[in-house]
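For reference, the structure discussed in these notes is given below.
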Amino acid sequence: MKASPLAYWIVLPLLVLIWAIGAWYLDSALLPSPLAVFHTLRQAVQSGELQYHLLITLRRVAYSFVFAMALGTLVGLWMGRSALVNALLDPLLVLLLNLPALVVIILLYVWFGLVEVAAVMAVVINKIPNVAVTMREGARSLDFRLEQMARVYRFTPGQRLRHVWMPQLFPYFMAATRGGLALIWKIVLVVELLGRSDGIGFQLHMAFQIFDVASLLAYSLAFIAVVQLIELMILQPMERRASRWRSVGDRHHA
């Protein structure tokens, strides 16, 4: 069950109130007040710095997400439908799942230099195994009776994809999507912190260098707000639509 938008209006003011009380009680630069952070955020918006770095980070997230989901979905479906391919690729998949993201990032920067391609590749390589594992399970769960029905009625490949595979695979795809975004956000920030000269991760690194906690919180909160908007405006409506689709199908089968 997903949290309703109303919950945000209840929880967020409570968190801000606790934050304000804690900042007032400690009276330390290490925990600036919400007003101080808002002032820093407003300055970053007025100067254009926030928009500039936020858009760069979102672009890297978008590229990484598209490539990771496309490749991971293809690999996962291939492994789920072929025992031979699964036997060959499973050891590599396990290796990549257990390889720390930091190691992949550093190696790609060493091999290719501190360039944009290395940054995106590092995120994609770290995410593909998770998508592949989820989609492999989805491919394994496909109902063979629906496959037989599609062959009997001579479905075209397009009809089979739309009416047989997509309804069954969509929950797995959504799980991979939500898990993918949650992981990609974090890895992109690390990639930017270690080897890029722009983006939210780079700004967090610069703020850390001078112990500017207000800037750390301002940029972090702006980024979190964008992530939450994507969750509320894109991912949750997609999931609700998919749930209605499946419930209608279940009623028809009943």
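The values are calculated or read from the model by the stated rules, or taken from the named source; none is laboratory data. Remember, it's a predicted structure, so these values are computed and weren't measured experimentally. No Cβ is skipped: glycine too gets one built from the backbone with ideal geometry, and neighbour counts run over all protein chains shown. These accessible areas exclude ligands, DNA and RNA; they are computed on the full protein's heavy atoms, side chains included. Shrake-Rupley method; radii C 1.70, N 1.55, O 1.52, S 1.80 Å.
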Taking only pairs six or more apart or across chains, which ones have beta-carbon atoms under 7 Å, a first residue in segment 162-179 that is over 14 Å from residue 129 (Cα atoms), and a second residue that is basic (Lys, Arg) and modelled with pLDDT under 80? 167/246
Could you please let me know if residue 124 is more than 15 Å from residue 189 (Cα to Cα) and either of a type in the set (A, V, I, L, M, F, W, C) or at pLDDT below 90 (or both)? no
For residue 76, indicate whether it is closer than 29 Å to residue 141 by Cβ, touching a residue at least 60 places away in the same chain (Cβ under 8 Å) and in contact with a Lys or Arg (Cβ under 6 Å, 6 or more places away or on another chain). yes
Looking at segment 88-105, can you tell me whether even one residue there is surrounded by 14 or more Cβ atoms within 10 Å (Cβ to Cβ) and of a type in the set (S, T, N, Q)? no
What are the pairs, 6+ residues apart or on separate chains, where a residue within segment 199-213 that is over 18 Å from residue 31 (Cα atoms) has its Cβ under 7 Å from a residue that is modelled with pLDDT under 90 and assigned to a loop (DSSP other than H, G, I, E, B)? 202/196
Considering only residues of segment 169-212 that are out of contact with any helix residue (DSSP H, G or I) (no Cβ under 6 Å at 6 or more places or on another chain) and not in a helix (DSSP H, G or I), which is nearest to residue 140 (Cα to Cα)? 197
Restricting segment 214-224 to residues that are within 20 Å of the chain's Cα centre (by Cα) and touching a residue at least 24 places away in the same chain (Cβ under 8 Å), the one most open to solvent (accessible area, probe 1.4 Å) turns out to be 221
Residue 36 crowded, with 17+ Cβ neighbours inside 10 Å and more than 30 Å from residue 116 (Cα to Cα): no
Report, by residue number, each residue of segment 40-93 that is basic (Lys, Arg) and farther than 17 Å from residue 185 by Cα. 42, 81
